[in-house]
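Enquirer: Here's a structure for you.
The values are calculated or read from the model by the stated rules, or taken from the named source; none is laboratory data. Computed from a prediction, not measured in an experiment: that's the story for all the values here. As a convention, Cβ positions derive from the backbone with ideal geometry for all residues, glycine included, and neighbour counts pool all protein chains shown. Note: accessible area is taken over every heavy atom of the protein model, side chains too, but ligands, DNA and RNA are not part of it. Shrake-Rupley method; radii C 1.70, N 1.55, O 1.52, S 1.80 Å.
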There are 2 protein chains.
Amino acid sequence: MAATIKDVAKYAGVSISTVSKYINGGRVREKNRQRIEEAIKALDFKVNELARGLKTNRTMTVGVLIPSLENIFFTSIISYMENILLKNRYSTIVCDYRNDVELEKVKFEFLMDKMVDGIIMVPHEEDIQYINKAFEKNIPVVLIDRMIKGIECDVVLTDNLNASYNAVEQLIMRGHRRIGIICGPKNVYTTQERLKGYIRVHEDYSLQIDDRLIKFGNYDVESGYNLLLMLLEEVPPPSAVFVTNYEMTVGAVMAVNEKNICIPHDLSLIGFDNIQLAKVVKPSLSIVTQPIQQIGETAATILLKRMKGDYDKFPSVYRLKTQLLLGESICNI
Amino acid sequence: MAATIKDVAKYAGVSISTVSKYINGGRVREKNRQRIEEAIKALDFKVNELARGLKTNRTMTVGVLIPSLENIFFTSIISYMENILLKNRYSTIVCDYRNDVELEKVKFEFLMDKMVDGIIMVPHEEDIQYINKAFEKNIPVVLIDRMIKGIECDVVLTDNLNASYNAVEQLIMRGHRRIGIICGPKNVYTTQERLKGYIRVHEDYSLQIDDRLIKFGNYDVESGYNLLLMLLEEVPPPSAVFVTNYEMTVGAVMAVNEKNICIPHDLSLIGFDNIQLAKVVKPSLSIVTQPIQQIGETAATILLKRMKGDYDKFPSVYRLKTQLLLGESICNI
DNA sequence: TACAAAATTCGAAACGTTTCATTTTTACTA
DNA sequence: TAGTAAAAATGAAACGTTTCGAATTTTGTA
């Protein structure tokens with residue numbers, strides 16, 4: 001049905017190998033180039049990637065593994081990654097593991113079985129030795145968003161610690177002394193880093209930390225809602241709260257609204273990630289934004305480099321800077 | 001490096017074709033079955049899908065095309081689809097077209113070039129004749145969420161019209177007469193259907209429709225926010241509002257909270273799609289929920305059937321029922 | 001013009017499967 | 001027990017590429 005390289009060769013009156021060479025960017029006599037190009041056009045020839053892959057041992061496919069497809073932060077990143085990969089003739093197989101550590105391993109192995117040429121993943125489990133299986137087979141892996149200690153691997157993440165530091169510092173500089181923080185799950189890397197920033201800035205300013213103002217949730221709307229209410233019940237309540245991801249920020253805002261708390265008069269609030277939300281909330285929300293596009297593009301680019309066999313500066317860590325967008329949701333005391 | 005069927009054959013002491021037959025579920029003498037199984041285990045043999053695909057002309061890959069990876073409704077569906085497909089040894093290539101009609105076509109053709117065995121897509125453009133190219137090549141396509149008239153194609157969607165009808169009817173039965181509706185973009189199928197339901201129920205109850213209470217947005221948070229504010233400024237304002245997707249519901253709730261409007265006393269509200277959100281909002285939100293899991297699983301199942309060559313009852317339309325979850329956000333007048 | 005060197009082209013083998021026609025083995029019947 | 005039909009196993013060809021050494025053509029130089 002579809003034209004093959006053989007058809008093109010016949011049509012152009014050259015050998016198969018010459019056509020192959022042309023397709024792969026090799027040098028070909030001018031006269032032949034024209035005839036081959038003409039033949040390709042006339043026959044609407046497309047390389048059969050399967051046959052090619054069989055010979056070259058490459059599938060031109062990248063595996064992507066994230067905790068949940070329902071987390072907009074990750075899916076946005078994927079969107080940007082895909083952009084870059086597509087331009088380089090790679091397609092992506094996206095999997096999520098529903099925050100399930102077992103499934104994480106299963107899906108990783110599924111991707112390996114699919115013979116992807118590279119993998120980009122957001123790891124959850126601390127012990128992901130199976131990554132080394134990929135390296136053994138010469139399949140590069142790039143980690144996103146979270147770092148795993150003891151693993152030699154390229155990583156792209158944001159400077160969570162300083163993101164948190166700067167946000168809380170902003171509150172401190174405005175006179176706040178009792179600052180609540182709504183964190184993610186204790187065992188997740190980003191949680192730990194964001195909490196470290198909170199702690200470090202307190203230390204740097206010689207402020208006492210009240211453990212009751214540190215709450216751990218699940219990075220979902222419900223957590224944000226519940227934990228903000230809990231914070232308000234502490235005595236004395238915090239004068240400011242820092243929420244450390246998008247979904248929890250939505251929840252927190254809902255809680256604030258419900259309780260009829262006046263922002264920023266009664267409570268200063270700094271949220272996370274979603275600019276659109278920040279603009280819509282009144283008064284406009286101050287937020288920490290992560291460079292989503294840059295994360296996606298950087299990860300894709302480094303993976304492409306590794307897949308080309310370029311292991312220069314391996315492993316490299318890209319710690320991208322966040323931005324603190326100041327809105328009207330924080331006030332001076 | 002990796003073991004091939006040849007290695008397995010040698011190890012088991014049978015011919016390649018016997019192994020192949022076994023792998024593909026053919027009958028094999030008991031004695032050989034054992035030896036082959038043993039060999040496969042010992043050598044950790046995995047079928048090379050590329051080689052197989054080259055022979056069988058199948059890639060065991062399904063293409064998925066959605067408007068945006070940042071819309072949680074679509075990504076959730078994908079998550080469930082993938083589940084079913086994975087169990088059937090299919091993997092998925094997910095693409096979005098960023099709500100761009102041009103890109104929609106480009107990505108569709110990209111998927112075709114990748115030689116996917118089937119495509120599941122949420123169409124935007126009205127004129128998608130290029131779908132027929134897929135059918136010509138015997139590649140089944142299943143549409144999701146939106147129907148395109150004039151196209152013979154399996155479709156899985158929700159009964160948008162009656163979803164809307166029932167939601168608004170609920171308001172009417174409670175005495176509301178001025179009911180606002182926040183719709184999506186005018187040219188999108190779901191918008192049209194949901195609006196039809198709104199109109200039909202008004203007709204059935206012989207109620208006048210005030211066009212000023214019908215607002216069109218972009219299915220994003222900002223639209224929901226802005227349009228709700230606009231509705232409140234109509235004179236007289238509506239006593240109830242129906243918001244027709246998740247993101248706009250978030251925006252609407254933000255607006256309501258900002259304006260310090262008391263729900264349901266000052267305004268009754270029915271939202272869309274996200275149960276988690278509905279529970280968090282106080283008073284609890286009434287919402288229309290779509291059967292996300294069922295949509296995903298149905299689409300995957302019908303596609304699997306078509307890919308097997310079973311064109312029974314083609315084209316079939318699955319119009320799934322929504323559910324109206326009543327919360328405390330609506331009151332009687 | 002002739003020759004060597006450089007640049008291209010060519011043919012054939014290989015990648016790991018499936019498939020089909022053929023051969024071998026097994027099971028059954030007379 | 002021999003003969004036959006059915007079942008299973010086999011070997012070889014094919015899928016559409018890439019790749020490599022050999023063959024051919026072109027280019028440059030004396």
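Enquirer: For segment A:240-255, enumerate the residues that are among the hydroxyl-bearing types (Ser, Thr, Tyr) and open to solvent by 10 Å² or more (accessible area, probe 1.4 Å).
Expert: First, pick out the residues of segment A:240-255 that are among the hydroxyl-bearing types (Ser, Thr, Tyr): A:244, A:246, A:249.
The answer is A:246, and nothing else.
Enquirer: Something else: Can you find even one residue in segment B:8-30 that is more than 13 Å from DNA strand D (Cβ to nearest atom) and either open to solvent by 10 Å² or more (accessible area, probe 1.4 Å) or in contact with a Leu (Cβ under 7 Å, 6 or more places away or on another chain) (or both)? Break it down stepwise before answering.
Expert: Restricting attention to segment B:8-30, the residues satisfying the condition of being more than 13 Å from DNA strand D (Cβ to nearest atom) are none.
Scanning segment B:8-30 turns up no residue that is more than 13 Å from DNA strand D (Cβ to nearest atom) and either open to solvent by 10 Å² or more (accessible area, probe 1.4 Å) or in contact with a Leu (Cβ under 7 Å, 6 or more places away or on another chain) (or both).
Enquirer: Hey, another quick one. Determine, yes or no, whether residue B:117 is among the charged types (D, E, K, R), within 25 Å of residue B:308 (Cβ to Cβ), touching a Lys or Arg at 6+ places or on another chain (Cβ under 9 Å) and facing chain A (nearest Cβ under 10 Å). It would help to see each step written out before you state the result.
Expert: Working: among the charged types (D, E, K, R): yes; within 25 Å of residue B:308 (Cβ to Cβ): yes; touching a Lys or Arg at 6+ places or on another chain (Cβ under 9 Å): yes; facing chain A (nearest Cβ under 10 Å): no.
For residue B:117, the condition - among the charged types (D, E, K, R), within 25 Å of residue B:308 (Cβ to Cβ), touching a Lys or Arg at 6+ places or on another chain (Cβ under 9 Å) and facing chain A (nearest Cβ under 10 Å) - is not met.
Enquirer: When you scan segment A:58-66, do you find a residue that is within 13 Å of DNA strand C (Cβ to nearest atom), out of contact with any strand residue (DSSP E or B) (no Cβ under 8 Å at 6 or more places or on another chain) and more than 30 Å from residue A:124 (Cα to Cα), even just one? I'd like the intermediate steps shown before the answer.
Expert: First pass over segment A:58-66, keeping only residues within 13 Å of DNA strand C (Cβ to nearest atom): A:58-59.
Adding the requirement that they be out of contact with any strand residue (DSSP E or B) (no Cβ under 8 Å at 6 or more places or on another chain) leaves A:58-59.
Narrowing further to those that are more than 30 Å from residue A:124 (Cα to Cα): none.
No, segment A:58-66 contains no residue that is within 13 Å of DNA strand C (Cβ to nearest atom), out of contact with any strand residue (DSSP E or B) (no Cβ under 8 Å at 6 or more places or on another chain) and more than 30 Å from residue A:124 (Cα to Cα).
Enquirer: Restricting attention to segment B:1-30, report how many residues are near DNA strand C (Cβ under 7 Å from one of its atoms) and in contact with a Ser or Thr (Cβ under 8 Å, 6 or more places away or on another chain).
Expert: Residues flagged as near DNA strand C (Cβ under 7 Å from one of its atoms) and in contact with a Ser or Thr (Cβ under 8 Å, 6 or more places away or on another chain) within segment B:1-30 amount to 1.
Enquirer: Just to be sure before I move on: is residue B:100 surrounded by fewer than 20 Cβ atoms within 10 Å (Cβ to Cβ), out of contact with any Asp or Glu (no Cβ under 7 Å at 6 or more places or on another chain) and either more than 27 Å from residue B:288 (Cβ to Cβ) or charged (D, E, K, R) (or both) in the structure I sent?
Expert: Working: surrounded by fewer than 20 Cβ atoms within 10 Å (Cβ to Cβ): yes; out of contact with any Asp or Glu (no Cβ under 7 Å at 6 or more places or on another chain): yes; either more than 27 Å from residue B:288 (Cβ to Cβ) or charged (D, E, K, R) (or both): yes.
Considered against the rule, which asks whether it is surrounded by fewer than 20 Cβ atoms within 10 Å (Cβ to Cβ), out of contact with any Asp or Glu (no Cβ under 7 Å at 6 or more places or on another chain) and either more than 27 Å from residue B:288 (Cβ to Cβ) or charged (D, E, K, R) (or both), residue B:100 comes out as yes.
Enquirer: Mind listing whichever residues of segment A:136-191 are hydrophobic (A, V, I, L, M, F, W, C), away from every other protein chain (no Cβ under 14 Å) and not in a strand (DSSP E or B)?
Expert: A:147, A:148, A:151, A:153, A:161, A:163, A:167, A:168, A:171, A:172, A:173, A:188
Enquirer: Quick one: how many residues across segment A:304-333 are touching an Asp or Glu at 6+ places or on another chain (Cβ under 8 Å) and open to solvent by less than 10 Å² (accessible area, probe 1.4 Å)?
Expert: Number satisfying all stated conditions: 1.
Enquirer: In addition: I'd like to verify a number: residues in segment A:20-55 that are more than 10 Å from chain B (Cβ to nearest Cβ) and either of a type in the set (Phe, Trp, Tyr) or farther than 17 Å from residue B:111 by Cα (or both), how many? Let's see the steps before the verdict.
Expert: Taking segment A:20-55 first, the residues more than 10 Å from chain B (Cβ to nearest Cβ) are A:20-45.
When the remaining residues are screened for being either of a type in the set (Phe, Trp, Tyr) or farther than 17 Å from residue B:111 by Cα (or both), the result is A:20-43, A:45.
Summing the residues that are more than 10 Å from chain B (Cβ to nearest Cβ) and either of a type in the set (Phe, Trp, Tyr) or farther than 17 Å from residue B:111 by Cα (or both) in segment A:20-55 gives 25.
Enquirer: Do the conditions hold for residue A:104, that is, is it touching a residue at least 24 places away in the same chain (Cβ under 8 Å), of a type in the set (D, E, K, R) and in contact with a His (Cβ under 6 Å, 6 or more places away or on another chain)?
Expert: Details: touching a residue at least 24 places away in the same chain (Cβ under 8 Å): yes; of a type in the set (D, E, K, R): yes; in contact with a His (Cβ under 6 Å, 6 or more places away or on another chain): yes.
So residue A:104 fits the description; yes.
Enquirer: For segment B:186-201, give me each residue that is surrounded by fewer than 22 Cβ atoms within 10 Å (Cβ to Cβ), among the basic types (Lys, Arg) and closer than 8 Å to residue B:161 by Cα.
Expert: B:196, the sole residue that qualifies.
Enquirer: How many of the residues in segment A:90-135 are part of a helix (DSSP H, G or I) and not β-branched (Val, Ile, Thr)?
Expert: Pass one, segment A:90-135, residues part of a helix (DSSP H, G or I): A:101-113, A:130-135.
The next check asks that each one be not β-branched (Val, Ile, Thr); those that pass are A:102-105, A:107-113, A:130, A:132-135.
So the count comes out to 16.
Enquirer: Kindly indicate the residue of segment A:65-94 that is charged (D, E, K, R) and open to solvent by 10 Å² or more (accessible area, probe 1.4 Å) and also nearest to residue A:140 (Cα to Cα) among those meeting that condition.
Expert: Kept after step one, since they are charged (D, E, K, R), are these residues of segment A:65-94: A:70, A:82, A:87, A:89.
Subset that is open to solvent by 10 Å² or more (accessible area, probe 1.4 Å): A:70, A:87, A:89.
Working: A:70: 26, A:87: 19, A:89: 17 Å.
So, considering only residues that are charged (D, E, K, R) and open to solvent by 10 Å² or more (accessible area, probe 1.4 Å), the one nearest to residue A:140 (Cα to Cα) is A:89.
Enquirer: Run residue B:295 past the list (1) within 18 Å of residue B:74 (Cα to Cα); (2) in contact with an Asp or Glu (Cβ under 8 Å, 6 or more places away or on another chain); (3) surrounded by fewer than 18 Cβ atoms within 10 Å (Cβ to Cβ) and report the number of the one that doesn't hold.
Expert: (3)
Enquirer: On the basis of being in contact with a Phe, Trp or Tyr (Cβ under 6 Å, 6 or more places away or on another chain) and over 30 Å from residue B:226 (Cα atoms), does residue A:197 make the cut? Full working, then the answer.
Expert: On the way: in contact with a Phe, Trp or Tyr (Cβ under 6 Å, 6 or more places away or on another chain): yes; over 30 Å from residue B:226 (Cα atoms): yes.
Yes.
This table checks each residue for (1) within 11 Å of DNA strand D (Cβ to nearest atom); (2) on the phi < 0 side of the Ramachandran plot.
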position: B:38; (1), (2): no, yes
position: B:42; (1), (2): no, yes
position: B:53; (1), (2): yes, yes
position: B:60; (1), (2): no, no
position: B:69; (1), (2): no, yes
position: B:78; (1), (2): no, yes
position: B:84; (1), (2): no, yes
position: B:91; (1), (2): no, yes
position: B:106; (1), (2): no, yes
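Enquirer: Something else: Of all residues in segment B:56-77 being among the small types (Gly, Ala, Ser) and in contact with a helix residue (DSSP H, G or I) (Cβ under 6 Å, 6 or more places away or on another chain), which is farthest from the other protein chains (Cβ to nearest Cβ)?
Expert: Step one: filter segment B:56-77 for residues among the small types (Gly, Ala, Ser), giving B:63, B:68, B:76.
If we keep only those that are in contact with a helix residue (DSSP H, G or I) (Cβ under 6 Å, 6 or more places away or on another chain) too, we end up with B:63, B:76.
Details: B:63: 9, B:76: 5 Å.
Filtering first and then ranking leaves B:63.
Enquirer: Restricting to segment A:33-57, name every residue that is open to solvent by less than 60 Å² (accessible area, probe 1.4 Å), in contact with a Phe, Trp or Tyr (Cβ under 8 Å, 6 or more places away or on another chain) and within 15 Å of DNA strand C (Cβ to nearest atom).
Expert: Passing the criteria: A:36, A:39.
Enquirer: Restricting to segment A:204-238, and then to whatever is of a type in the set (Asp, Glu) and more than 12 Å from chain B (Cβ to nearest Cβ), can you tell me which residue is surrounded by the fewest Cβ atoms within 10 Å (Cβ to Cβ)? First the steps, then the outcome.
Expert: Keep residues of segment A:204-238 that are of a type in the set (Asp, Glu), which gives A:204, A:210-211, A:220, A:222, A:233-234.
Now restrict to residues that are more than 12 Å from chain B (Cβ to nearest Cβ): A:204, A:210-211, A:233-234.
On the way: A:204: 11, A:210: 15, A:211: 6, A:233: 8, A:234: 14.
In this case the residue turns out to be A:211.
Enquirer: Might you let me know whether segment A:267-276 holds any residue that is within 14 Å of chain B (Cβ to nearest Cβ), crowded, with 24+ Cβ neighbours inside 10 Å and touching a strand residue (DSSP E or B) at 6+ places or on another chain (Cβ under 6 Å)?
Expert: Checking segment A:267-276: at least one residue is within 14 Å of chain B (Cβ to nearest Cβ), crowded, with 24+ Cβ neighbours inside 10 Å and touching a strand residue (DSSP E or B) at 6+ places or on another chain (Cβ under 6 Å).
Enquirer: If you scan segment A:107-135, which residues turn out to be among the aliphatic types (A, V, I, L, M) and closer than 21 Å to residue A:185 by Cβ? Even if it seems obvious, please write down each step before you answer.
Expert: Quick first cut of segment A:107-135, residues among the aliphatic types (A, V, I, L, M) only: A:111-112, A:115-116, A:119-122, A:128, A:131, A:134.
Selection gives A:121, A:122, A:128.
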